[in-house]
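Step one of this worksheet: look at the structure below.
The values are calculated or read from the model by the stated rules, or taken from the named source; none is laboratory data. Please read all numbers here as calculations on a predicted model, not as lab measurements. Reconstructed Cβ throughout: ideal geometry from the backbone, glycine too, with neighbour counts over all protein chains shown. Each accessible area value is taken on the protein alone, full model and side chains, heavy atoms only, with ligands, DNA and RNA left out. Shrake-Rupley method; radii C 1.70, N 1.55, O 1.52, S 1.80 Å.
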Amino acid sequence: SKSTTTAKLAASHPDRFFNAGIAEQNMTCVAAGFALGGKVAFTGSFAVFGTGRAWEQVRNTVCYNNLNVKLAPTHSGVTVGHDGGSHQALEDIALMRVLPNMHVVVPADYHSAKAALRLAAQTEGPFYIRLGRAGVDDVYPEDITLELGKANVLREGSDVTVVACGIEVAEALKAAAMLAEQGVSAEVIDIVSVKPLDV
């Protein structure tokens with residue numbers, strides 16, 4: 001709870017927070033139970049464990065039953081460098097993308113993360129909201145709204161297109177600015193959200 005900062009929710013809403021311990025499979029099934037009881041359930045863990053360790057429970061319990069469970073783990077990608085390879089989730093998007101009924105949203109910054117969490121809470125069905133660990137530059141305005149299955153063109157360009165998601169979007173924008181200084185017009189597209197696969 002401390003590493004993922006969900007302890008803040010526990011402090012402000014203790015009646016809405018349940019700590020399952022280091023047991024992501026159980027956590028996922030508890031969230032499924034809450035969803036079956038009519039609640040909107042969010043889970044939190046490190047991305048590598050919330051998607052990898054609990055993949056079978058996400059697949060068979062949450063996705064096949066199209067339950068209203070929102071996986072919102074932190075520490076995705078290589079942003080946890082000092083924790084080593086065991087804590088770096090590099091295959092998590094692929095694992096979640098192949099599941100039936102699963103919406104995948106990869107916010108690029110704080111504002112899009114808030115928008116993604118709101119969108120997930122208001123949309124029926126399973127979600128994977130991929131959150132990072134470290135702070136990142138602002139990419140979107142405070143009032144950003146996201147649309148499922150829609151990429152966002154953040155910079156127009158005519159020579160090259162750079163496609164990114166998550167924390168790499170800010171880096172792509174920096175690269176586009178550097179290319180502009182060299183006379184190269186670079187378009188930047190944020191693939192922030194994909195709809196579930198048709199099955």
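Computed values, structure above
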| quantity | calculated |
| --- | --- |
| Burial ranking of peptide ranges 152-158, 126-132, 26-32 (average Cβ count within 10 Å, highest at the top) | 126-132, 26-32, 152-158 |
| Mean residue ellipticity (222 nm) of the chain, computed from DSSP H runs ≥ 4 via -39,500 (n - 2.57), nearest 500 | -8000 deg cm²/dmol |
| Electrostatic dipole magnitude of the chain [Cβ: Lys, Arg +1; Asp, Glu -1; Cα centre; debye, to 20] | 840 debye |
| Carbon + sulfur, % of accessible area of the chain - ligands and nucleic acids excluded, 1.4 Å | 53 percent |
| Residue among Ala89, Ala134, Ala35 with the largest mean-square fluctuation in a Gaussian network model of the chain, springs linking Cα atoms under 10 Å | Ala134 |
| Unit charges at the beta carbon, dipole of the chain: most positive-side option, Val160, Ser45, Ala175 | Ser45 |
| Accessible area per residue, Å², region 106-199 with all protein chains present, probe 1.4 Å | 55 Å² |
